[in-house]
Each structure stands twice: as structure tokens, then as C-alpha cells.
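Each remark here refers to the structure printed beneath this line.
The values are calculated or read from the model by the stated rules, or taken from the named source; none is laboratory data. Note that the structure is predicted; figures quoted are calculated from it, not measured. A quick note on method: Cβ atoms are made from the backbone with ideal geometry, for glycine too, and the neighbour counts reach across all protein chains shown.
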Amino acid sequence: MIINHPLLGPRDSSEFVYLGDANLINRPNWQEDSALEHFVDYGYLRDNIAGVHRELWFHEYGDRSWLVVTRDTVSHEITEVRLASDVAIKEGR
Amino acid sequence: MKYSGFRVIKEALTGHRGWGPAWRSPDPSSEYDYVIIGGGGHGLATAYYLAKEFKQSKIAVLEKGWIGGGNVGRNTTIIRSNYLLDGNEPFYEFSLKLWEGLEKELNYNAMVSQRGILNLIHSDAQRDAFVRRGNAMLLNGADADLLTTEQIKKRYPFLNTDNARFPIKGGLAQHRGGTVRHDAVAWGYARAADSCGVDIIQNCEVIGFKIANGTCLGVETTKGFIKAKTVGACVAGSSSRLMQLAGMRLPIESHVLQAFVSEGLKPLLPGVITFGAGHFYCSQSDKGGLVFGGDIDGYNSYAQRGNLPVVEDVCEGGMAIFPMLGRVRLLRMWGGIMDMSMDGSPIIDKTDISGLYFNGGWCYGGFKATPASGWVYAHLLATKEPHKTARAFRFDRFSKGLMIDEKGMGNQPNLH
Ligand SMILES: Cc1cc2nc3c(=O)[nH]c(=O)nc-3n(C[C@H](O)[C@H](O)[C@H](O)COP(=O)(O)OP(=O)(O)OC[C@H]3O[C@@H](n4cnc5c(N)ncnc54)[C@H](O)[C@@H]3O)c2cc1C
């Protein structure tokens, strides 16, 4: 798979390390009363979608940036790649 | 029909006209006591033990494709019970004992071959870890044998024991481990279950659950609605997709694992060997092909095919211990979808929906578990109580902090 890095252009996926579902950006607030329950969900439960999936990849053997990659888990086709920092800011993190 | 040597001779003399189909292909009834979703090894074994051991009837197995088309027919066929943790080891040893009697039990030649498995050791720290694991195995009634480099050289003279980076310092052997012909396991259980009256319904995909007031009343399928008192999900790599239909999110990610077979070679590799410093394991099939594999690709996938970086990684691992592999040509490769759980161990439990049960999270190691998984799942479905070797495989272990994490990797499925 080739990941089209927003800053560096097309890079081989083997330069990256995979973390998982991009919802991991949305870390629960630890001060909430229901924090424990939310952290169990956050840590252990996944949608595990068959189809279009937003996921976090880390450019370990490159510029060490985190990316949000939109990829189809059935065909492996990648349709969008963005810097995770941009996504996080846009989502109000 | 009972299979026997006598039968083979008789059929040979009479033109092989007496062999019938090994199981029926019935249309589904409108109602069953037990509906098992998924005709893989686990689903078929569950149905068989439900009928045979737990004396239940009105059982159906619903398979969306054909039986044996999932991971039960895609794996690298290794069986073993060399686990460390209390939650796992008694279960896998129970499974290995069932393998030892399986062919007689099913009257089917599944080619169970206890040729032994050897995990190589490459450092002193790794030896300590393997000694500990071996002791845990012995305590649970399994066999374990710590081998020296000399003993290994004798059995496997072609291994490169002096690799500069990863020299072979010994190995942990389980002589009762080995390989089994994978599709024969599916066929053997299917035939035996069918002869106990189980309906095996192929090309019947479950597309929904009928749930009212927190109780599961049956399943919607491509062959219509089927009413059921008890529904047991057992769909391995498709677990999240299926349980989503019942509104559940699981502690599972689906990942692709690849397997490779070389051209046929003369007998060369007497048992199963695993590289301890990278991801590579290998055995030789009775047809002569080297059957090998390594790591999962590492990203969510439902594609049943992997990518080249893992092919390279697996072959590098192979070359490190097994230099003569360099001249061998690869014949076939394929992928299967693994239900990777958050701690690397399976789940066999009831759900919050009454009458709906779940079996999954097998990661890359569920083939060896097939007989025990079927037995303990049948136990749970029939008695509503977990079997004594499967009490730890609960859903709530993640919220309670009771993970069964053999590798200590945490909630990162691609590292288990
Ligand atoms: C390459 C590879 C190598 C492996 N090597 C080993 C090994 O050496 N040793 C080991 O112990 N394990 C190994 N495994 C793991 C092992 O194969 C699996 O853990 C195990 O087979 C899973 O259980 P199963 O046989 O029931 O799964 P499957 O055979 O996958 O059965 C699940 C069935 O459910 C069906 N299904 C899915 N959705 C639906 C639906 N909605 N309705 C109806 N049916 C449905 C599928 O079609 C499938 O037939 C390996 C796996 C792979 C892919």
C-alpha cells in the first residue's frame, strides 16, 4: 500500500506504524463522572468496520508525524490522508 | 456409513459406487432449539458436541458460503498447548487431548500428526521465559521439553545455529504438538454432526437478529427467518460485522494473516519449528510443500489477501534460521481474516441479550482450539454455565482488568 503523505508525497506503508481507529483522537475527559466507563469503551471496544475506515498511522521511518488515513478495509484503497494534528484541531481537540 | 479399511477394499472391488455424500443438504426448518452461526471448525464442532455430548436436538449450523471456506480451511494447521497463563493453558491442553482421540471419535481421517513443535531460543532472557512457560505447561498436565543446541542440531542439521545476530541457544519442544489436515477437520465434524441429526445449511447468511425485550428470538437469513431458542455466533473474522447486527461493539479488530506454501520437496522437516527472534514458523505437509507463515499484516482488513512487506519479513525470518530456503520456490500464498481481540485471547460467553451467545476473538491461533472450543461452547449453550476450562474467556474481563494477555502487549491487537 502507498500512503500519500500530505507533506512528503507518496510513501510505502512499511515506513509507517499502525495504531488503529482514528476515534482514538477523541480521548475521554478523565474528570467526568462516567470517565471509567468511557475509558473502557475507548481502550477496548472498536467499530471494526468492513468498508471505509478512518485510522491512525505514524510515520516512524519518516517525519514522525501522525496521519489520519481513510482506507477501505475490504479493498485496501486509500481515499484520503491528512495530518492528524489538522484533524484534531478541526474536531475541536 | 462407517468408514474403515474394509470399506475401502469393498468399494475398490465394486467400482466405488457405494460412497454417498458425507452429509445431507437440507432446507432449513422454520424453528430450531439451537442455531449456530458460522460453519467453520468451531461452529461445526459446537453442533457436534451439542448433539453428541450434551444430548440436544433440533440443531442447525448456518454458513454463508460453504463449510471449510473460512479460516478453518486457510490456516497453517498447527496444534499445540504451549501457553503460559492460567486462563489459557488448561483450555488448550483440553483441546490437545481431544485432538488425540478425534479421528476415532469422528470415524474420519483428519491426519492428526503429533510430529512435535519446537520454539527456538536465541538469548538467555528468552530461555528464562521459555523455562517458565515449560513449567506452566507441565503444571497443567501438558508435556514440555527444554532442548540444548546440540540436541536441536541432531534433529535439524540444516538450521543455522550460528547466525551472528540471532544464534540458536536451545529450544522449548512440545512433542505432542503437530499438525492436522485442516479441511478434514471441517468435513469430519460436519459428517459426524450430520449423522447426529444436525442440519448443516450452506449458502445461508445471517443478515439480522430478531430481538424483542432483550431476548433473541431468531435470525433473519438469506433463506428467510429462522426461529431459535438459543443462538450461538461463531464467525471468527466476521465477528464484529455479525454482532453489529445485534447492536454490539466488540473488543476485536479484524486483521489479515498470510500463509505460504512452497513447491513440493522430499521429506526434510520432521516437525514444526518457530523462529524466536522474528516472525517465522514452518512445517512440511505430507505432499512435501513447506507450509510457513509469520506476522499479521498489522492493519484492519477484511480483504483475505495481504501485502508484500509481510511477505518479505516472513522470508527474511525464514532465511535467518533456514538458509537453504533461498533456493525454494513459493507455490501459493493466501490470506485469512483474523478476529484479533484486545488481549490476544478468545471470548466464549453469553451476551447481554438473552438467548444470544458469542464465540470469537481467536486471533491467529484458533485452529488448535477447534475441538475444545466446540466442546466448551456446547457446554455453555446447553447448561448456560461456562465449562471449567473456559471461565476466564469472558466479555467483562476488559472492564474488570482481568485480561489474558500472553505477550503482555496491552490493547493493541496488531501486536498480539
Ligand atoms: C493464514 C492463517 C494461518 C493460521 N494458522 C493457524 C495455526 O497454525 N494454528 C492455529 O491454531 N490457528 C491458526 N489460524 C487461526 C484459525 O484458522 C482460526 O482461528 C479458526 O479457524 C477460526 O475458527 P473457525 O474455524 O470457526 O473459523 P472460520 O472457518 O472462518 O468459520 C467462520 C465461518 O462463519 C461464516 N460466516 C461469517 N459471517 C456469517 C454470517 N453472517 N452468516 C453465516 N455464516 C457466516 C464464514 O463464512 C466462515 O465459514 C490461522 C489462520 C490463518 C488465516
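Structure notes:
- From B:K10, B:K64, B:K55, residue being touching a helix residue (DSSP H, G or I) at 6+ places or on another chain (Cβ under 9 Å), away from the ligand (no atom under 16 Å from the Cβ) and either farther than 21 Å from B:E103 by Cα or more than 14 Å from every other protein chain (Cβ to nearest Cβ) (or both): B:K55
- In the stretch B:258-279, the condition of being within 14 Å of chain A (Cβ to nearest Cβ) and either part of a strand (DSSP E or B) or under 17 Å from the mean Cα position of the chain (by Cα) (or both) is met by at least one residue.
- Within the stretch B:231-247, residues that are within 8 Å of chain A (Cβ to nearest Cβ) reach no partner that is of a type in the set (V, I, T) and in a helix (DSSP H, G or I) with beta carbons closer than 8 Å at six or more positions or on different chains.
- Of everything listed in (1) farther than 30 Å from B:Y34 by Cβ; (2) within 13 Å of the ligand (Cβ to nearest atom), the single unmet condition for B:Q304 is (1).
- Under the condition of being under 15 Å from B:S399 (Cβ atoms), part of a loop (DSSP other than H, G, I, E, B) and in contact (Cβ under 8 Å) with a residue 12 or more places away in the chain, the residues counted in the stretch A:7-48 number 1.
- When B:S283, B:S254 are screened for being within 14 Å of another protein chain (Cβ to nearest Cβ) and either away from the ligand (no atom under 13 Å from the Cβ) or under 17 Å from the mean Cα position of the chain (by Cα) (or both), only B:S254 passes.
- When B:T76 is tested against (1) farther than 30 Å from B:Q126 by Cα; (2) near the ligand (Cβ under 10 Å from one of its atoms); (3) of a type in the set (S, T, Y); (4) surrounded by fewer than 24 Cβ atoms within 10 Å (Cβ to Cβ), only condition (1) is not met.
- Any chance B:Q174 is away from chain A (no Cβ under 14 Å), among the polar types (S, T, N, Q) and away from the ligand (no atom under 16 Å from the Cβ): no
- Of all residues in the stretch B:132-155 being touching a Leu at 6+ places or on another chain (Cβ under 9 Å) and either at pLDDT below 95 or loosely packed, with under 15 Cβ neighbours inside 10 Å (or both), the one that is nearest to B:L84 (Cα to Cα): B:R132
- Test: residue in the stretch B:98-114 that is within 13 Å of the ligand (Cβ to nearest atom), away from chain A (no Cβ under 14 Å), at pLDDT 95 or above and under 20 Å from B:H387 (Cα atoms): yes
- Residue tally, condition within 10 Å of the ligand (Cβ to nearest atom) and crowded, with 24+ Cβ neighbours inside 10 Å, over the stretch B:259-273: 1
- Checked across the stretch B:365-380, the condition of being within 14 Å of chain A (Cβ to nearest Cβ) and crowded, with 23+ Cβ neighbours inside 10 Å holds for no residue.
- Options B:G294, B:G298, B:G288: the member that is at positive phi, in the same structural domain as B:R329 (by TED's automatic domain parsing) and touching a Phe, Trp or Tyr at 6+ places or on another chain (Cβ under 7 Å): B:G298
- Considering the stretch B:9-51, and only residues there that are free of Cβ contacts under 8 Å to residues at least 12 places away in the same chain and surrounded by 11 or more Cβ atoms within 10 Å (Cβ to Cβ), the residue that is nearest to the chain's Cα centre (by Cα) turns out to be B:E11.
- Which listed residue, of B:A164, B:A173, B:A259, is assigned by TED's automatic domain parsing to the domain that holds B:I321 and either touching a Ser or Thr at 6+ places or on another chain (Cβ under 7 Å) or among the basic types (K, R) (or both): B:A259
- Residues in the stretch A:49-65 that are on the phi < 0 side of the Ramachandran plot and more than 8 Å from the chain's Cα centre (by Cα): A:I49, A:A50, A:V52, A:H53, A:F58, A:H59, A:E60, A:Y61, A:G62, A:D63, A:S65.
- Among the criteria (1) more than 8 Å from every other protein chain (Cβ to nearest Cβ); (2) surrounded by 17 or more Cβ atoms within 10 Å (Cβ to Cβ), the one A:S13 does not fulfil is (1).
- Options B:G360, B:G365, B:G374: the member that is within 16 Å of the ligand (Cβ to nearest atom), free of Cβ contacts under 8 Å to residues at least 60 places away in the same chain and in the same structural domain as B:L217 (by TED's automatic domain parsing): B:G365
- Per-region count, the stretch B:291-350, residues charged (D, E, K, R), touching a strand residue (DSSP E or B) at 6+ places or on another chain (Cβ under 6 Å), within 11 Å of chain A (Cβ to nearest Cβ) and more than 29 Å from B:S81 (Cβ to Cβ): 1
- Verdict on B:D405 being outside any strand (DSSP E or B), farther than 29 Å from B:F260 by Cβ, within 14 Å of chain A (Cβ to nearest Cβ) and out of contact with any helix residue (DSSP H, G or I) (no Cβ under 8 Å at 6 or more places or on another chain): no
- Candidate set: the stretch B:112-131, residues that are over 19 Å from B:G374 (Cα atoms) and among the hydrophobic types (A, V, I, L, M, F, W, C); chosen: the one surrounded by the fewest Cβ atoms within 10 Å (Cβ to Cβ): B:A125
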